[in-house]
Structures are given as structure tokens and as C-alpha cells.
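J.: Just passing along the structure, written as C-alpha cells.
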Amino acid sequence: MNYVRQTPTNRRMAWPLQMGGLLMLLLPSLFPSLFSPLSRSYPSVFSEWNAPRPMHSHLLNRALQQQTSKAQEAELWSPLPNQGWEACADKQDTQSLGRKSQGYIQVFLDGGLNQQRMGICDAVAVAKILNATLVIPYLEVNPVWQDSSSFADIFDVDHFISALSNDISIVKELPSDYSWSTREYYATGIRATRIKTAPVHASASWYLENVLPVMQSYGIAAIAPFSHRLAFDSQPADIQHLRCKVNFDALVFVPHVRTLGDALVSHLRSPPSLDNASSATHFHKGENDRAGAGKYVVLHLRFDKDMAAHSACDFGGGKAEKLALAKYRQVLWQGRVLNSQFTDEELRGQGRCPLTPEEIGLLLSALGFNNSTHLYLASHKVYGGEARISSLRQLFPFMEDKKSLASSHELSEVEGKASLLAAVDYYVSMQSDIFISASPGNMHNALLGHRAYKNLKTIRPNMTLLGKLFLNKTMEWSEFQQAVQQGHKNRQGQMRIRKEKQSIYTYPAPDCMCKA
């Protein structure tokens, strides 16, 4: 083998070559438009810059031309009729706070905002079961969004304590005798006061048999992890009522989230400005007389990179996107995405592919929403960025989000905090005339239940039907529209009674509601 001795001259010649190589790596990020061929050759590096092609251009072109009749629009925006149920979680009887507390209960909640919300409700129920004093739940740092927001950063603590004062005892922090019981304390060793074996969907009796003795011995018990740790079935009626009361009455967002949410709602209900109106093809002076005037729909566009990678579906980005998502999936889940064993056609036919922004836009258009609709986009980060949502924006030029409606000053208290941003979206969603989520998930489930409790219109996409419709590349718009409308007639907020093992927070009847 021949070796080349590194002389000072060689090193001086090599340095410019190394710098030139580094410059070549940096140039695509500075001038991405010049490097589109590279994106096809090196998908793991350049795929984020690929503008995805429309997957259903034949339907998109027709949707852009359609107009909605006044009768259809009036039906679309009409509120839900009375369904024979009324919200009464805050009026139902629960056993009053009586006996002396048996000790303190701490819970450590992981997940995003809506998963933590359900955990808080269950924590109150467990405290009631054990006749314990609940310490304001500790929210773990979200590993995906890296958000360190505390309970008090998101929810109105004083209202929470006051609303539940007749049901359980709650303290903001432990007394000095127990100040040692911290997250750091439990992270550094095995502790007798920590219960880490709580099974998913445990019964009330499990807590009485396994947690109560610890609390009686030490005066405190800490449960971590605590997520989905209380069963939905076979619970005493007063425990079920209490969970409902927490979710629908006691959990209120902090004032600055509500203030920002109200400002966004006010903007959304205002007539469109002349500048924005010029971008809508069919906008005219009589728009304020239409059925949807002063109303808005919230779209929870759940299409981030994690969602796209986990689904193993094709989203129109070509071979580069497929390879990039496959690599991301392998790094993140080490091959645990079972969907990858199926073809894209099989996954779509089973309704297991999240809807792209283009597809959710076509669904909304087929249902009767038109280019004068005020659409609020509730989403963290869309995979593919603005290029991915360009088709959706074509269909709905009055599409807004937090950043387009609020000033930097108004956003200053929530900017960069995923849980608070999600709280704002949740608040705006609860005020909307119609809510629709592109794909099922924790926020979809939480809002589905909360809006059902308030009898508000919520459209549930028929994923299996849509998957099959989008596979048909020759279907005409009229046929697609008819199939969509027929397949969603009974998916717009009609009350569904909770079945065994289903979440009380997604299906509030009959546990949280009373017959009218």
C-alpha cells in the first residue's frame, strides 16, 4: 500500500479543498432552488425542499370551480338540533368531602396537552377514591416538543381548586415535612413512596389495595408514570361524575390564553378585509348576507413529520420523500412501524393514511365549504411547510392561524411553548361553529367529547371511505362529492353513547350528561 506523506505544502493545498467541500454542503441551504436535481439523488438531505405534487389534480381543478347553493350553505352552517341530552357534569351529585385526608397523592403526567388533561381528570378521581389530598399534578417535559410548561402555566389553578373544593382537598405544593418528595428525588433511585407499577386502566380496587397502604405508611404516595391509569368502566357513579366535572368545568385555561383566544375569534368572525377579499375568485359585496357570514370552521391539520413517518403512506413527494421518511422512521422507531408491511393502496383502503392538506381541502369542498369560508388552521408544524398546504390555501384563501391573526406582542406569552399554543388552538376550536380534524388523535378525541358535551357541530372524517375514494384516479367531481356527502350525513356531531372500554372524555354520554 502506498502512503502519501503530509507535507506543509500538501496541507495548504488540502485546506481550500476541504473548505470548498463544506461550501458545497452549505450552498443548498442558501440557494435551494438551484439544487432541485440533488434532492432526487440525496433524499435524506434535501427531501424537505421538495414541493409535493398534487395527488388529486383532477378533483382539485373541479373543486376550485365549484359554487355552493344558498340552501346547501344554510344546511351546512346550521347548528345541531337538540338531541335529547344536556350538559350536567357540574350539577351531578358527588359525595361531599368528609373524612380526614389519608395523606398526599402526587402524579407525574407525560404526553401532550390533551393526554395530560385526561391524566389530571383521572388524578382527581384517584384522590377521591383514596380520600387523599391531591398535589397539583406535575407535568413532565414533553420529549417531542420540549415544552416545560407547568400546570399553573396552562390552567387556572385557583379556579381548579375552587371548583373542586367540595369534592377533594387540593394543595398547590407539599408542606415542608414532605418537601423532599420531588421529581429529582424519584429520578435518582428506587423509592418506597413511588408507585411505578400502576397498570393501564387499573380498577378502583387496585388503588385501594396497592396505593393506599403506601400512603398510610409514609403519609404520601407518588405515582409515575400516570397516564391512562384508571379504567373507564366499573367505576362508582360519583367517580365518573367527578371526572366529567374536572374535564368540563374545573379545567379552565389561564387568563392570557383566553384573552388571546377571544381576540383570534373576534378576527375570525369579522368580515374579510378588501385586501384579502381580492384573492377570492367569487367574492362579492353581498358576502356578508350569506349563511356562513360571521362564522368560521377550525381545521386541526394533524400532519407533522412524525405522523407522516409513522403512517408509512405515500404523500406525493416521490421517491425522495419515501426514502427520507423511511430513514426517519427507522431512526425514530427502530423498525416498530408495523404499517410498513402493507402497500400504500392497502393502507388507504383500510383508512389508515392521514389526510394530506390537499385531501382535507377536497373533503371540505365536497361537503359544501367554499372559497369565502373563514378557516382557522390549528396545527403545530405541517410536514412540507407552505408548499404542502398550497392546494388547501388555493381552495380557502381566507385561511388563518395564530401567527396570521395575532401580533408578535399578543403571541409573546405563548410563543415557543407547544402546550400553550395547543391551549390557544383548543380554546378557539371550542368557540368555532364547526370543527374538523384531518386525522384521529388526542386533540381530536378531546374536542370531539367536549363539543359533544356542548352539542356543537363536529365533523368526523370517514377515513375508510375517503381512502377508497382517493384511490380512484378516474372519479368525476360530482360522483366524489355525492359519495362524500352521503358518507358524512351522520358524522357531524350526532350523539354517540359510550361503549365499553371507550373513553369517557371522548364519549361523554351517558356518564357526563343528563336526559333533557
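The values are calculated or read from the model by the stated rules, or taken from the named source; none is laboratory data. Computed from a predicted structure; not experimentally measured. Please note: Cβ atoms are built from the backbone with ideal geometry, for glycine as well, and neighbour counts cover all protein chains shown. Accessible surface is based on the protein model in full, side chains and every heavy atom, while ligands, DNA and RNA are left aside. Shrake-Rupley method; radii C 1.70, N 1.55, O 1.52, S 1.80 Å.
J.: For Thr133, list long-range residues whose amide hydrogen, built 1.01 Å from N in the peptide plane, is under 5 Å from its own amide hydrogen.
T.: Close amide H contacts, sequence-distant or interchain: Gln102, Gly103, Tyr104, Ile105.
J.: Hey, got the Cα dimensions of region 61-216 along the principal axes, in Å, largest first?
T.: 68, 39, 30
J.: Could you do me a favour and compute the accessible area per residue for region 145-238, 1.4 Å probe, result in Å²?
T.: 51 Å²
J.: Further question on the same structure: Taking amide hydrogens as modeled 1.01 Å from N in the peptide plane, which residues meet the under 5 Å criterion relative to Ile223, leaving out close sequence neighbours?
T.: Those qualifying (amide H under 5 Å, at least 5 residues apart or on another chain) are Gln106, Val107, Phe108, Ile195.
J.: Same structure again: Under the Karplus relation 6.51 cos²θ - 1.76 cosθ + 1.60, θ = phi - 60°, what is the ordered set of whole-Hz ³J(HN,Hα) values for region 410-423, x standing for Gly and Pro?
T.: Here the 3J(HN,Hα) series is 5, 8, 4, 7, 10, 4, x, 10, 4, 5, 6, 4, 5, 5 Hz.
J.: Could you give me the ³J(HN,Hα) list for region 301-313, computed from phi with Karplus coefficients 6.51, -1.76, 1.60 and θ = phi - 60°, whole Hz, x at Gly and Pro?
T.: Karplus-based 3J(HN,Hα) across region 301-313 equals 8, 7, 9, 9, 5, 4, 4, 5, 5, 5, 7, 6, 9 Hz.
J.: If you wrap a convex hull around the Cα atoms of region 426-506, how much volume per residue is inside, in Å³?
T.: Taking the convex hull of the Cα positions in region 426-506, it is 109 Å³ per residue.
J.: To one decimal place, what orientation-averaged projected area in nm² is obtained for the convex hull of the Cα set of region 343-398?
T.: Taking the Cα atoms of region 343-398, their convex hull projects to 4.6 nm² on average.
J.: Could you sort 170-179, 373-382 so that the peptide with the highest average Cβ count within 10 Å comes first and the rest follow in order?
T.: Highest mean packing first, the order is 373-382, 170-179.
J.: Per residue of region 141-158, what does 6.51 cos²θ - 1.76 cosθ + 1.60 with θ = phi - 60° give for ³J(HN,Hα)? Whole Hz please, x for Gly and Pro, Karplus curve as stated.
T.: 5, 5, x, 7, 8, 6, 9, 9, 4, 8, 3, 5, 6, 9, 10, 6, 5, 4
J.: Hey, any idea what % of region 130-257's accessible area is carbon plus sulfur with a 1.4 Å probe?
T.: About 52 percent, which is the carbon plus sulfur part of the accessible surface.
J.: Pull out the extension gain between Ser205 and Arg269, defined as 0.36 nm times the separation in residues minus the alpha carbon to alpha carbon distance; nm, one decimal.
T.: 18.1 nm
J.: Scan around Trp85 for amide H atoms under 5 Å from its own, H built in the peptide plane at 1.01 Å from N, and keep only partners 5 or more places away or cross-chain.
T.: When sequence neighbours closer than 5 places are left aside, the close amide H contacts are Ala516.
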